[in-house]
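Here is the structure we will look at, set down as structure tokens.
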Amino acid sequence: MATIKNYINGEFSLPIANEWIDNYNPANGEIYGQIPNSKKEDVEEAYKSAKSAFRLWSQTTLEERSRILIKISELLEANIDRFAEAESKDNGKPISLAKAIDIPRAASNFRFFGNAITQFASESHESIGQQAINYTLRQPIGVVGCISPWNLPLYLFTWKIAPAIAAGNCVVAKPSEVTPMTAYLLGEICNNAGLPKGVLNIVHGLGSTTGQAIIEHPDIKAISFTGGTATGAHIARVAAPMFKKLSLELGGKNPNIIFADCDYEDMLTTTVRSSFANQGQICLCGSRIFVEVSIYEKFKTDFVKKVNALKVGHPSHEDTNIGALVSKSHLNKVKEYIAIAKEENGTLLCGGNEVVVKGFENGYYLEPTVIEVTNDECRVNQEEVFGPVVTIMPFNTEEEVLAMANKVKYGLSATLWTNDLKRTMKLSSQLQAGIIWVNTWMLRDLRTPFGGIKASGIGREGGFEALRFFTEAKNVCIKY
Ligand code: NAD
């Protein structure tokens, strides 16, 4: 049994109330460890540790902060196998994916912000004719809270922590209780990299106890949250009257719009990936596929053939394309949506059933599922399923597809497949989303602003946007 502990003031500690939660391996449905269900008292300890580290850390030179962040990055890279195996065991994702994407990206997050902080500058404004000069200080906020979800556990956890500490803050962080393992392992890496005690504190537990204690803490002045839209709304209600700074990265229901003039083979291969990578559990997955009517039947045949060829299997097997879903309850939720789609006259083109993987019969496996819909307003087309399920439907005109693409409450990302420049310019400007990919998907440059509009959140992560979020601007005006 693996026992996960909190990481407070550079040390691993047991939860004060000694309350624990079972941790499941989604690949076989077995409990393989326990994690603390930390309470207010544990969060208070983490806060005190962060607060006492703040004065020194916020005065540490940028070169020194940068050096430590880059060291963390190097140690993650040196331990890639151990971290990829841990991520896969906790989450159900193929080890190959964790090794190719999750852990390298976690390392990149530290390296990127270790470098970015040395380039982060503030403005000055000369008030001409008034003999005055203004300059802006970008000061760290103090103690900040970072809360992350289970789908890309270490990847998203570090995407918040790295800019927060690079900017001179100290952090109280909570990973998802469903996937706590790599966050736990990160503590040891931080100690080995020489991160001063208390700069990063990691408390484990349920959202309703540990997470709630973080968002309610009166002296944790900013919350960076990634997770579901309903949780984001709750956090906003709690945090707003306390005037906390908030960054909310929430759900998505992203359109994948395919025109007949695209590079077909490239589109087809990428669309399989944008539909089912990480078992479809990526907020950026293109779960609503709209195809121009002239190539609709061809696409349908070719796409279903490729999807049927995907191998659902144990995450450690090399030929596995689709691993296990993250939990039993999530598997049930996804299955419910497949049933709803059928009730709403959707046609199942492939998938829809649980898969029994030999030797791992109690794992949470589901076939990749493609549903043809005739009404873009049906529930499976409007609500976030967050699993290996996509809908497809044809369209006739740009206007029609634009209207359907925008007719959801979410606005995270959109993908467009076309070689027509005018169409690209028009649609990328009019699609309601924070991120538009044209003839690609999930190609990331960490300098770019990342985030959504509408019910997909507020604020942007990435690049200097993240460093701006984790600092307060203070203007100084000097008359001479
Ligand atoms: P979730 O909202 O259930 O949980 C996310 C985190 O919030 C977890 O750590 C959880 O413990 C915590 N939490 C829950 N209740 C809380 C409370 N009252 N106070 C404080 N913290 C609380 O989401 P999830 O199921 O872990 O993740 C899936 C969701 O995340 C999907 O909707 C997905 O689209 C979204 N997501 C968004 C992005 C993005 O960048 N926009 C990225 C990945 C995932």
If N is the number of residues in the stretch 46-169, what value comes out of its Cα radius of gyration divided by 2.2 N^0.38 Å? 1.32
Cut-off is 10 Å between beta-carbons; in what order do Ser58, Ser247, Ser274, Ser38 appear when sorted fewest neighbours first? Ser58, Ser247, Ser274, Ser38
Treat the count of other C-beta atoms within 10 Å as a stand-in for reagent exposure and order Asp42, Asp263 from fewest to most. Asp263, Asp42
Any chymotrypsin sites (Phe, Trp or Tyr not before Pro) in the stretch 361-422 that lie in a DSSP loop and have at most 15 other Cβ atoms within 10 Å would be none
May I have the pair-distance distribution P(r) for the stretch 127-264, computed from all Cα-Cα distances with 5 Å bins from 0 and rounded to whole percent? 2, 9, 18, 19, 16, 10, 7, 6, 5, 5, 3, 1, 0
Would you mind ranking Glu384, Glu343 so that the residue whose beta carbon has the fewest other beta carbons within 10 Å leads the list? Glu343, Glu384
The stretch 95-146 - convex hull of the alpha-carbon atoms, volume per residue in Å³: 117
Any idea what log10 I(q)/I(0) is at q = 0.17, 0.25 Å⁻¹ for the stretch 338-411, Debye with uniform C-alpha scatterers and no solvent? -0.70, -1.17
Exceeding 20 Å between C-alpha atoms, which entries from my cross-link table qualify? They are Lys305/Lys335; Lys89/Lys328; Lys253/Lys407; Lys244/Lys474; Lys174/Lys244. Lys305/Lys335
With Rg and the Kirkwood Rh both taken from Cα atoms, where does Rg over Rh land for the stretch 80-119? 1.14
Lys, Arg +1 and Asp, Glu -1 on Cβ, resulting dipole of the stretch 385-442 about Cα centre, debye, nearest 20: 140
Per 10 Å bin from zero, what fraction in whole % of the C-alpha pairs of the chain is there, up to the bin with the longest pair? 4, 20, 29, 25, 15, 6, 1, 0
Hey, how many Å between the Cα centroid of the stretch 147-184 and the Cα centroid of the stretch 20-87? 7
Given only helices, namely DSSP H runs of n ≥ 4 each adding -39500 (n - 2.57), what is the per-residue ellipticity at 222 nm of the chain, to the nearest 500 deg cm²/dmol? -12000 deg cm²/dmol
Averaging over every viewing direction, what projected area does the convex hull of the Cα atoms of the stretch 359-480 cover, in nm²? 13.5
I'd like the distance between the alpha-carbon centres of the stretch 312-355 and the stretch 393-462, rounded to an integer number of Å. 26
What do you get for Rg/Rh of the stretch 185-316 when both radii come from the Cα atoms and Rh is the Kirkwood radius? 1.14
Calculated diffusion of the stretch 337-378, Stokes-Einstein form, Kirkwood radius summed over Cα pairs, 37 °C and 0.692 mPa s, µm²/s: 287
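No value in this document is a laboratory result; all are computed from the given coordinates. Just so we're clear, the structure is a prediction, and the values are computed from it rather than from any experiment. Don't worry about glycine lacking a Cβ; one is built from the backbone with ideal geometry, like all the others, and counts go over all protein chains shown.
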